[in-house]
Amino acid sequence: MSIPARLPRLLVLRPYLAQATRDAAYAHVDALVMYTRDGTMPCRYGELRPLMWHEDGARPILHENFRFTCQVDDRQTAPYALRYGYMPENGEVFTTSDLARFGKPLAALQRAMARLVEQEGRTEDLGQILARLARVLRVDGTVLLEVREHGSFFEENHRIRLTAEAPNLGEMIRDLGAVARELHLRCAERLGRRAA
């Protein structure tokens, strides 16, 4: 099988349970752009590869180091604290070299998302927001992983819940609502109480 000239880029959605305190339990959904080496849709997480600096040429909106994150807890069903942008090169400090590389793409990303809000209206729905990000990033599809008990994604056999090729993301959008509810319930279970 020949390798495609440009490997398909996939927005990979990773839901996981995070920490629990005496008073609350938290979960997160994060997303980043990855690809498979042979260009096919993956069957397990181990087939996906993160996009490196040299694999993402000049473009208005970069894929490398892109991150989306939001939070879910036991007290409210709706995901909140939704943020997207770019991770610093060294993972800790955003430097002037990061600004030079990611400043223009971040501004372009924000403009494109604002345009979709003007055209289609505001939304707090996690699936709708991630579908818009997938459109703005111009990825070839999305991959939703099964919920993990922690935020470590190094297990190659971690199961994939659902894949969708662009632009057919309807089922993925619906399933993200179910994932958010599942995270909410699991957070409540961790504290031994019924979900709100």
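The values are calculated or read from the model by the stated rules, or taken from the named source; none is laboratory data. None of the values given here were measured: they were computed from a predicted structure. Virtual Cβ from ideal backbone geometry, glycine too; neighbours counted across all protein chains shown. To get the accessible areas, we keep the full protein, side chains included, count just its heavy atoms, and leave off ligands, DNA and RNA. Shrake-Rupley method; radii C 1.70, N 1.55, O 1.52, S 1.80 Å.
Listed here are the residues, each with its yes/no results for (1) buried (at least 17 other Cβ atoms within 10 Å of the Cβ); (2) out of contact with any strand residue (DSSP E or B) (no Cβ under 7 Å at 6 or more places or on another chain); (3) aliphatic (A, V, I, L, M).
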| position | (1), (2), (3) |
| --- | --- |
| Arg59 | no, yes, no |
| Arg67 | no, no, no |
| Ala81 | no, no, yes |
| Asn90 | no, yes, no |
| Val117 | no, yes, yes |
| Arg122 | no, yes, no |
| Ile129 | yes, no, yes |
(message) Criterion first (more than 18 Å from Thr142 (Cα to Cα), open to solvent by 10 Å² or more (accessible area, probe 1.4 Å) and either aromatic (Phe, Trp, Tyr) or out of contact with any His (no Cβ under 6 Å at 6 or more places or on another chain) (or both)) does Thr77 satisfy it?
(response) no
(request) Filter the stretch 73-113 down to the residues that are modelled with pLDDT of 85 or more and of a type in the set (Asp, Glu), then identify the one that is farthest from Thr21 (Cα to Cα). (result) Asp98
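Name the residue, out of Asp30, Asp38, that is closer than 18 Å to Leu183 by Cβ and either open to solvent by 20 Å² or more (accessible area, probe 1.4 Å) or at pLDDT 85 or above (or both).
Numbers: Asp38 fails: closer than 18 Å to Leu183 by Cβ.
The conditions single out Asp30.
Looking at Thr96, Thr142, which one is open to solvent by 100 Å² or more (accessible area, probe 1.4 Å) and of a type in the set (Ser, Thr, Tyr)?
On the way: Thr142 fails: open to solvent by 100 Å² or more (accessible area, probe 1.4 Å).
Going through Thr96, Thr142 in turn, the sole match is Thr96.
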